[in-house]
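Enquirer: Okay, handing you the structure first.
Bear in mind these aren't lab numbers, they're just calculated from the coordinates by the rules spelled out. The shown structure was predicted, so the numbers you read here are calculated from the model rather than taken from an experiment. Note: ideal-geometry Cβ built from the backbone for every residue, glycine included; neighbour counts use all protein chains shown.
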Amino acid sequence: MSLRKLLQHRGTPLFATALCSVLLLPAHAGGLDQQLSPAEKHALRDFSKRVKDYVANEKALPVQKQKPTTDVAELEERRVALRLALQQSRANAKQGDIFTPDVSRVFRKLLSETLAGPDGAKIKVSLEHAEPTAPPNFSVNSPFPNTNGQPIQSVPASLLGNLPLLPKGLDYCLASKTLALRDSNANMVVDYLPNALP
């Protein structure tokens, strides 16, 4: 099945997965990191370590490796199985485990400065005209809240260009002013940052 046909299955999380933003720019491409203190840079390194640890934990799970498929129902079954395994492996996970207070302050600063910069007006217009956003009722370890099949709001790369790169399988998503860290393989909220945007 072609990617176009897969995207037509709007009632499945696969559609949402395809529209969620993946940061492909170099970390801190816009140069705002030059304005960060050593402590703030340390916080971003800590964030990157935490997301790498998360991905390493996911890869270590005893979820059976299976052949590639384009069957939407089977893909969803695999997604649910992975999500259940992740939930069990991090049963005590809570908001702030990855977006720690120090990390949260740096993310808000970078996002705020980006919106206040020369591209800020264009970014705000882009956000206003983006796909309908999922409701920001996030819960760590829960499915990303797009249960009605609505697309996940795509995030302008220029907004996220100063944030750390994410390992494959994780992406940043927006719902209102909340920034979520989403496991695209499991369609699961890993952590989230309330009031990420000013």
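Enquirer: On a straight-distance basis, which lysines could pair with Lys177 in a cross-link, Cα separation under 18 angstrom, same-chain partners fewer than 8 positions away excluded?
Expert: Partners within reach: Lys109, Lys122, Lys124.
Enquirer: Figure the gain on full extension for Asn57 and Ala116 (residue separation times 0.36 nm, minus the Cα-Cα span) and round it to one decimal in nm.
Expert: Using 0.36 nm per residue and subtracting the Cα-Cα distance, I get 17.5 nm.
Enquirer: With a 10 Å radius around each residue's Cβ, average the other Cβ atoms per peptide and rank 185-195, 162-172, 79-89, highest first.
Expert: With the highest mean Cβ count within 10 Å placed first, the list reads 185-195, 162-172, 79-89.
Enquirer: Quick check: residue separation of Ser37 and Ser89 times 0.36 nm, minus the Cα distance between them. What number comes out in nm?
Expert: Taking 0.36 nm per residue and subtracting the Cα distance, the gain is 15.3 nm.
Enquirer: With a 10 Å radius around each residue's Cβ, average the other Cβ atoms per peptide and rank 92-98, 139-145, 105-111, highest first.
Expert: Ranked from most to least packed, the peptides come out as 105-111, 139-145, 92-98.
Enquirer: What Kirkwood radius, in Å to one decimal, follows from the Cα pairs of the range 41-100?
Expert: 13.4 Å
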